[in-house]
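Notes follow the structure.
The values are calculated or read from the model by the stated rules, or taken from the named source; none is laboratory data. Everything numeric in this text was worked out from a predicted model, so none of it was measured. Reconstructed Cβ throughout: ideal geometry from the backbone, glycine too, with neighbour counts over all protein chains shown.
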Amino acid sequence: MTYTDPRAGDYAVATHGLSKRYGRESALREVELRVPDGAVYVLVGVNGAGKSTLFKVLMNLERPDAGTAQVFGMDTGREGPQVRAQVGYVPERQDAPYRGMTCARLLRHAAAFYPEWDHGYADHLTRALGIQPQRRVGGLSKGETRRLQLVLALAHRPPLLLLDEPTDGLDPVVRRRALALLAEHLADAPTTVVISTHHIHELESLADHVGVLREGRLVAQMPREELQRTVRSYRLEVPQGWEAPRELQATGVRRSSAGRDLRCTLVGEERVVTRRLAAAGARVRQVSTLALEDAALAFLPEDPA
């Protein structure tokens with residue numbers, strides 16, 4: 001089930017029935033993405049869920065097999081160059097173009113394509129991220145390449161950022177610095193952000209919308225307040241051998257040694273969930289709010305290991 005925010009009227013990014021296949025494998029299945037203007041939208045999913053494919057379609061680097069995508073009302077298939085001019089993009093792969101150029105030369109080259117390029121800001125980002133301007137792009141490590149990609153994405157202050165695992169490959173110190181720079185960037189100018197990450201907890205203070213991709217389907221999307229209101233941890237007193245009703249999508253189930261005390265994460269309005277639990281023979285002892293990461297992961301399959 002996909003949840004959407006009925007109050008959000010204007011979307012910076014929207015897709016309609018978006019589907020993409022690679023041979024027999026479906027990367028995207030009828031995705032209905034809705035990103036409100038000005039939102040920081042965190043896209044969650046395991047590797048292979050379709051996150052990177054979705055970003056590529058939004059950039060018109062891949063063509064969908066069905067459906068459409070719009071960025072600021074522009075069709076990505078028909079107006080790809082105009083869309084890309086409005087986007088700062090960090091791709092999943094840590095490959096920078098023009099490997100024979102120095103970092104400084106590449107930044108000057110990129111600036112020529114963006115009338116809004118802020119040279120002073122690019123210099124600030126370069127220093128803050130520890131980029132050595134005279135290093136050749138082809139000789140950069142993965143982490144150094146990622147830092148350069150962040151500068152390329154942010155320096156022209158685009159109205160939309162598409163960040164695909166932007167802190168991947170960064171050490172903890174640089175990761176914190178990059179996230180602080182992103183927070184400063186958002187405070188300085190109105191920007192819509194769609195960001196995928198395996199480190200959801202790092203975006204706890206920035207995220208205001210969350211979407212969950214599972215096997216190419218967008219199985220949930222909603223404001224973070226709604227997510228944390230409708231996905232909660234329950235401590236239950238249950239009969240021996242009790243199992244949660246299937247419709248409650250129980251995850252993270254932990255039992256006491258006697259099997260009569262159980263903790264689990266359940267999706268749904270607390271009032272409705274509590275009523276269903278009582279009807280199934282369980283007694284609710286405690287209900288707790290979850291961190292953003294734990295609430296989002298409730299929509300993904302548990303690791304069998």
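Checked against the criterion of being at pLDDT 95 or above and out of contact with any Leu (no Cβ under 9 Å at 6 or more places or on another chain), the candidates H156, H198 yield just one match: H156. Between R235, R263, R217, the distinction of being assigned by TED's automatic domain parsing to the domain that holds G67 and in contact with a Lys or Arg (Cβ under 8 Å, 6 or more places away or on another chain) belongs to R217 only. Kindly indicate whether any position in region 76-87 is within 25 Å of H185 (Cβ to Cβ), touching a residue at least 40 places away in the same chain (Cβ under 8 Å), buried (at least 18 other Cβ atoms within 10 Å of the Cβ) and among the hydrophobic types (A, V, I, L, M, F, W, C). Yes, there is a match, as at least one residue in region 76-87 is within 25 Å of H185 (Cβ to Cβ), touching a residue at least 40 places away in the same chain (Cβ under 8 Å), buried (at least 18 other Cβ atoms within 10 Å of the Cβ) and among the hydrophobic types (A, V, I, L, M, F, W, C).
When E225, E269, E247 are screened for being out of contact with any helix residue (DSSP H, G or I) (no Cβ under 7 Å at 6 or more places or on another chain), exposed (fewer than 14 other Cβ atoms within 10 Å of the Cβ), within 30 Å of G17 (Cβ to Cβ) and at pLDDT 90 or above, only E225 passes. Scanning region 127-153 for residues that are within 22 Å of V35 (Cβ to Cβ) and either outside any helix (DSSP H, G or I) or touching a Leu at 6+ places or on another chain (Cβ under 8 Å) (or both) yields a total of 3. The residues in region 98-112 that are surrounded by fewer than 16 Cβ atoms within 10 Å (Cβ to Cβ) and touching a residue at least 12 places away in the same chain (Cβ under 8 Å) can be counted, and the count is 3. Filtering region 63-84 to residues that are in contact with a helix residue (DSSP H, G or I) (Cβ under 8 Å, 6 or more places away or on another chain) and farther than 20 Å from R34 by Cβ leaves only R63. Residue pairs whose Cβ atoms lie under 9 Å apart, sitting 6 or more positions apart in sequence or on different chains, and linking a residue in region 231-259 that is of a type in the set (F, W, Y) to a partner that is part of a helix (DSSP H, G or I) and surrounded by fewer than 17 Cβ atoms within 10 Å (Cβ to Cβ), are Y234/E270. Contact map, region 20-42: residues that are in a loop (DSSP other than H, G, I, E, B) paired with residues that are of a type in the set (G, A, S), Cβ distance under 6 Å, separation 6+ or inter-chain. Pairs shown: D37/A12. What is the residue count in region 157-182 for residues that are within 18 Å of P36 (Cα to Cα) and buried (at least 20 other Cβ atoms within 10 Å of the Cβ)? Adding up the residues that qualify gives 5.
The strands (runs of 3 or more DSSP E) located wholly in region 159-272 that include 2 or more residues which are of a type in the set (S, T, Y) occupy 192-196, 231-237. The single residue among D208, D261 that is under 14 Å from the mean Cα position of the chain (by Cα) and either over 16 Å from Y41 (Cβ atoms) or among the charged types (D, E, K, R) (or both) turns out to be D208. Identify, please: which residue in region 8-61 is of a type in the set (D, E) and surrounded by 15 or more Cβ atoms within 10 Å (Cβ to Cβ) and is, among those, nearest to L182 (Cα to Cα)? Checking each candidate, the answer is D37.
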